Amino acid sequence: MRIALAGTGRMGQAVEAVATERGHDIVARFDAETPLLDARDDSALNDAEVVVDFSVPAVALDQIHRYCFWGVDAVVGTTGWTDDLPKVHDWVEEGQNGLLWAPNFSLGLALVSRALAGLLPLLDHLDEYDVAVHEAHHTGKLDSPSGTALRLAEELLGGLGRKARIETETQHGAIDADALHVTSQRLGRVLGEHTVALDSDVDQIRIVHTAKSRRAFALGAVRAAEWVAGRQGVFTLDDMIEAGVGPEG
């Protein structure tokens, strides 16, 4: 498969390494020195079948619009644009392309999300358990809390009737019972660790996902590129897991 990269930093380099190992060709690269938005037309993609975007939030939405205008499939790991998701759905419908997005492309974390989906109907009836989300990342991470932590919190909020809102600020006093607390830590070079904690008077359950290397995210992004190529619509990593991870799924 022919892949274009939007973003050639550490994640882009990891994607290129995994894609090459899996027999794909990187046919175009875009970054701050060669901005995708400076391209006059889709010939700049050099006939790429899919664009994998790990760029920066400031240009993400405009680049997504460009992919849709060109009718090229895309995998987007850049965050900071999802408030405009309804608009993106319209663009994809007009462009008749495929777009798969996720705040985190770790396949292991996608499995955690699936496990929570099965747990929540039971947990909703067990009000003995309180729940919270904690995430830790390296000191250079731009957003806090991480998009992944917020996504996990939204999944919990949607399945728990006793929780009404997400609270991301430090609590200097008692927290409201209906608040779902999401906390963040920035430390050294931590690639990413997300914890969902369930706590009762008698025990505690912790579901922890720890990324060991950027290859965890790169592999998920390349598998997503293989899967979304030739499909039409807006998808998430959950859609891919549900349908089957491979391109034939």
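Note on the chain: helix-only mean residue ellipticity at 222 nm, from DSSP H runs of 4+ residues weighted -39500 (n - 2.57) and normalised by residue number, equals -11000 deg cm²/dmol. Converting the Cα gyration tensor eigenvalues of segment 107-210 into ellipsoid dimensions via √(5λ) gives semi-axes, longest first, of 22, 17, 12 Å.
When segment 3-117 is described by a simple charge dipole with +1 on each Lys and Arg Cβ and -1 on each Asp and Glu Cβ, the residue from Val18, Ser113, Val76 located farthest towards its positive end is Ser113. When Rg/Rh (Cα atoms, Kirkwood Rh) is calculated for this entry, the matching label among (i) 0.94; (ii) 1.14; (iii) 1.00 is (iii). For segment 107-210, the share of DSSP beta bridges that are antiparallel, to the nearest 5, is 60%. Each part gets one Cα centre, and for segment 3-23 versus segment 119-182 those centres are 33 Å apart. Peptide packing for 89-99, 149-159 was compared via the average number of neighbouring C-beta atoms within 10 Å per residue; ordered from the highest value, the list is 149-159, 89-99.
Exposure proxy ranking for Met240, Met1, based on other Cβ atoms within 10 angstrom of each Cβ and starting from the fewest, stands as Met1, Met240. Bridgeable aspartates and glutamates around Lys212 (alpha carbons under 16 Å apart, same-chain partners fewer than 8 residues away excluded): Glu135, Glu193.
None of the figures in this text is laboratory data; all of them are computed from the coordinates on show. This is a predicted model, so every value here is computed, not measured. Methodologically, a virtual Cβ is constructed for each residue, glycine included, from the backbone with ideal geometry; neighbour enumeration extends over all protein chains shown.
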